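Derivation of every value follows stated rules applied to the coordinates shown; laboratory data play no part. If you're wondering where the values come from, they're calculated on a predicted model, not measured in any experiment. Ideal geometry is used to build each Cβ from the backbone, glycine not excepted, and the neighbour counts take in all protein chains shown.
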Amino acid sequence: MKTDINVLIVDDSEIIVRYLTIMLKGIKNIQFLEAATLLNARGIIVKEPIDIIVLDIEMPDGNGIDFIKWIKKTNSGITIVMFSTLADSQFRKAAKKKELNIFLISHMSLKK
């Protein structure tokens, strides 16, 4: 029986990844996986059972919003949380159309 919750953090900013890991590490039974590109994230998603993806919008090799469609095709049971400093309602609307579960806006810029 699976007891761990596998959380994949997809962000090209090491600072954001560390911040999110620290924020969530107090929750029991969470295992973190990290991907700095969408290509790396795809590789992890097809190999590992992922429960939650925390996804950035702007990635070096594509757009996180467009990536949601691929995630939902591959595994519709994955919960997707988009975490971004981009508060534009255009992104929120586009993400909702792609069946995003949660959209979190960071009011601080942690990008390098």
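Were the residues from Asn29 through Val81 laid out at 0.36 nm apart, the gain over their Cα-Cα distance would be 16.9 nm. Restricting attention to the stretch 1-87, lysine pairs at least eight places apart or on different chains and with alpha-carbon atoms under 17 angstrom apart total 4. Highest mean packing comes first when the peptides 24-36, 47-59 are listed by Cβ atoms within 10 Å, giving 47-59, 24-36.
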